[in-house]
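To keep things clear, I will list the structure first and then write my remarks on it.
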């Protein structure tokens, strides 16, 4: 089970979905559109400038099957972010038997900058779970991710329809030097009121999502 922030709202399963919008709280206002779903053609250039995954995941035991909490933001210090939740009693009930908290990266077969934090039981947790160590440039990538998200949220405004959302996402990616990324949309129907956004850090896609009334 995964919880979001201090209110322990349940997400569907114990891994953070790449397309989650809930953890970012990026829901816009209301304005109608009837445009069909469309997707941009990805650039043929190799993508440059990485993004972090959509949040830190704090596990209460050194296992991917353990209960987990998502702080609800990308942090450049994931161990500290999870330690704060441990101190608040949001994650787990006790850290007894653990040396401290350990930050791991994504699974070996993924290129996304993900942060998964576990109690360190001395068993080489990251390797045992098939996770890489946090990349040495994770802090810089997380800061870049926050900058992009903040700018997208600001530019989306109170309400962006499908076309505005796609144009905004492309413009911000270009301004911040994200070469080789594509922008796609989904979830737009005649009842769509507005749009929000998320991204797939591994596939290098920013997604504009339709929000129904």
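The values are calculated or read from the model by the stated rules, or taken from the named source; none is laboratory data. Keep in mind the model is a prediction, meaning the values are calculated, not measured. Cβ sites come from the backbone with ideal geometry, for glycine too, and all protein chains shown count toward neighbours.
Being in a loop (DSSP other than H, G, I, E, B) and more than 29 Å from residue 144 (Cα to Cα) is the filter here, so list the residues in the stretch 187-213 that pass it.
Just the residues of the stretch 187-213 that are in a loop (DSSP other than H, G, I, E, B), to begin with: 187-191, 201-204, 213.
Matches in the stretch 187-213: 189, 190, 191, 213.
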Give the stretch 98-111 a look and list any residue that's surrounded by fewer than 19 Cβ atoms within 10 Å (Cβ to Cβ) and either within 23 Å of residue 203 (Cα to Cα) or in contact (Cβ under 8 Å) with a residue 60 or more places away in the chain (or both), or say none. 107, 108, 109, 110, 111
Show the residue pairs meeting these rules: Cβ distance below 9 Å; 6+ apart or different chains; first residue within the stretch 172-183 and farther than 18 Å from residue 202 by Cα; second residue part of a strand (DSSP E or B) and at pLDDT 90 or above. 172/206
Against the conditions (1) within 30 Å of residue 59 (Cα to Cα); (2) touching a residue at least 12 places away in the same chain (Cβ under 8 Å); (3) surrounded by fewer than 16 Cβ atoms within 10 Å (Cβ to Cβ); (4) not assigned by TED's automatic domain parsing to the domain that holds residue 80, where does residue 163 fall short? Just the number, please. (1)
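Could you tell me whether the stretch 86-99 includes any residue that is over 30 Å from residue 178 (Cα atoms) and in a helix (DSSP H, G or I)?
Here is the first cut: in the stretch 86-99, the residues over 30 Å from residue 178 (Cα atoms) are 86-99.
Pick out the ones that are also in a helix (DSSP H, G or I) and you get 86-87.
The answer is yes, given that some residue of the stretch 86-99 is over 30 Å from residue 178 (Cα atoms) and in a helix (DSSP H, G or I).
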All conditions in (1) farther than 30 Å from residue 194 by Cβ; (2) assigned to a helix (DSSP H, G or I); (3) modelled with pLDDT under 90 are true of residue 144 except (1)
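Listed here are the residues, each with its yes/no results for (1) in contact with a helix residue (DSSP H, G or I) (Cβ under 8 Å, 6 or more places away or on another chain); (2) modelled with pLDDT under 90; (3) within 29 Å of residue 168 (Cα to Cα).
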site: 34; (1), (2), (3): no, yes, yes
site: 49; (1), (2), (3): yes, yes, yes
site: 53; (1), (2), (3): no, yes, yes
site: 67; (1), (2), (3): no, no, no
site: 88; (1), (2), (3): yes, yes, no
site: 108; (1), (2), (3): no, yes, no
site: 121; (1), (2), (3): no, yes, no
site: 132; (1), (2), (3): yes, no, no
Could you check, for the stretch 186-199, whether at least one of its residues is at pLDDT 90 or above, under 19 Å from residue 48 (Cα atoms) and crowded, with 21+ Cβ neighbours inside 10 Å? no
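For the stretch 110-119, give me each residue that is touching a helix residue (DSSP H, G or I) at 6+ places or on another chain (Cβ under 9 Å) and either outside the structural domain of residue 72 (by TED's automatic domain parsing) or farther than 14 Å from residue 81 by Cβ (or both).
Correct list: 113, 119.
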Among the candidates 170, 155, which residue alone is outside the structural domain of residue 60 (by TED's automatic domain parsing), touching a helix residue (DSSP H, G or I) at 6+ places or on another chain (Cβ under 6 Å) and over 16 Å from residue 52 (Cβ atoms)? 155
